[in-house]
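The values are calculated or read from the model by the stated rules, or taken from the named source; none is laboratory data. For clarity, every value in this text was computed on a predicted model and none was experimentally measured. Here the Cβ positions follow ideal geometry from the backbone for every residue, glycine too, while neighbour counts run over all protein chains shown.
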Amino acid sequence: MCPTGPAARTKIVRGDNRASYDARQITAILDASFICHVGFVLEGEARVIPTAYVRIDNAIYLHGHLKNQMMNTLLDGQTCCISVTILDGLVLARSGFHHSVNYRSVTVFGKAEKLPDDEKELNLDRLINHLVPDRIPHLRVHTQQELKATLVVKIPIDEAAAKIRSGPPIDAEKDYDTDIWAGVINVKIILDDIENCPELNDSVPTPEHVLDFVKKKDLFTRGRGTKPQSNFSASPSLL
């Protein structure tokens, strides 16, 4: 089921014509990226830290060292805020006031839960495969020491909203008759050359899954070419 309206914290007021509460659209943006910014409170002060993530069903999964300050703070029962933004273009208008950017963004609210040890390895593998599809089958297995040193948290998507801008500049009506150039510079993060590890044995070839991944060029394409991690359904707080 898709959301039919926003919850209190996710209602977009300014630029509400760019808001979306549709679960499928929110899912598509979350799955197109793997970098988020996590907002939380530590000792009464705000913190915002970037980190990698993967969305699986109705939750965001993060990982870090067992003693990671952010990860342990998230487990104190507070509601955290997760933001994902993908820049798609620079919008150059006929006046400075109307300059903008094209983007896809999602804001999520939820409370972190510590993942049980028996679920840790599977979801770490899902995170790695979200970064680079089909990577896990080519790696050695995790050691027990590595798993013990890693903390994985699950943040159920209690509330979520997307905000999206696309298209040309929107200028003041009188400015359309001027000779000032206006338009959009489209933006992509492009996958570049592969650099082998200096310690790599010369006889080891670059694997096909890496070559295939680099061929896609645009890192944050819609859906990123990965297998979907299921669509989340709207919780009651989203309705």
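Overview of results
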| read-out | value |
| --- | --- |
| Selected residue (criterion: farthest from Cys80 (Cα to Cα)) from residues of the stretch 34-67 that are among the β-branched types (Val, Ile, Thr) and without any contact (Cβ under 8 Å) to a residue 40 or more places away in the chain | Thr51 |
| Residues that are without any contact (Cβ under 8 Å) to a residue 60 or more places away in the chain, assigned to a helix (DSSP H, G or I) and over 18 Å from the mean Cα position of the chain (by Cα), drawn from the stretch 68-86 | Gln69, Thr73 |
| Any hit, the stretch 185-202, residues being touching a residue at least 12 places away in the same chain (Cβ under 8 Å), surrounded by 13 or more Cβ atoms within 10 Å (Cβ to Cβ), assigned to a loop (DSSP other than H, G, I, E, B) and in contact with a strand residue (DSSP E or B) (Cβ under 6 Å, 6 or more places away or on another chain) | yes |
| Of residues in the stretch 166-194 being among the charged types (D, E, K, R) and modelled with pLDDT under 95, the one farthest from Thr85 (Cα to Cα) | Asp193 |
| Candidate set: the stretch 52-71, residues that are surrounded by fewer than 17 Cβ atoms within 10 Å (Cβ to Cβ) and not hydrophobic (A, V, I, L, M, F, W, C); chosen: the one farthest from Asn17 (Cα to Cα) | Lys67 |
| Within the stretch 152-198, tally of residues that are hydrophobic (A, V, I, L, M, F, W, C) and closer than 30 Å to Lys67 by Cβ | 6 |
| Counted residues, the stretch 11-64 - those being of a type in the set (Lys, Arg) and farther than 26 Å from Lys188 by Cβ | 3 |
| When residues of the stretch 87-97 are limited to those that are small (Gly, Ala, Ser) and in contact (Cβ under 8 Å) with a residue 12 or more places away in the chain, the one surrounded by the fewest Cβ atoms within 10 Å (Cβ to Cβ) | Ser95 |
| Residues being hydrophobic (A, V, I, L, M, F, W, C) and out of contact with any helix residue (DSSP H, G or I) (no Cβ under 7 Å at 6 or more places or on another chain) - total across the stretch 128-171 | 6 |
| Extreme residue, surrounded by the most Cβ atoms within 10 Å (Cβ to Cβ), among residues of the stretch 119-135 that are in contact (Cβ under 8 Å) with a residue 40 or more places away in the chain, out of contact with any Lys or Arg (no Cβ under 9 Å at 6 or more places or on another chain) and part of a helix (DSSP H, G or I) | Leu124 |
| Answer residue from the stretch 98-118, given it is in a helix (DSSP H, G or I) and touching a residue at least 24 places away in the same chain (Cβ under 8 Å) and is surrounded by the fewest Cβ atoms within 10 Å (Cβ to Cβ) among those | Asp117 |
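Yes/no per residue for (1) modelled with pLDDT of 95 or more; (2) surrounded by 14 or more Cβ atoms within 10 Å (Cβ to Cβ); (3) touching a strand residue (DSSP E or B) at 6+ places or on another chain (Cβ under 6 Å):
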position: Thr4; (1), (2), (3): no, no, no
position: Asn17; (1), (2), (3): no, no, no
position: Cys36; (1), (2), (3): yes, yes, yes
position: Phe40; (1), (2), (3): yes, yes, yes
position: Val48; (1), (2), (3): yes, no, yes
position: Ile82; (1), (2), (3): yes, yes, yes
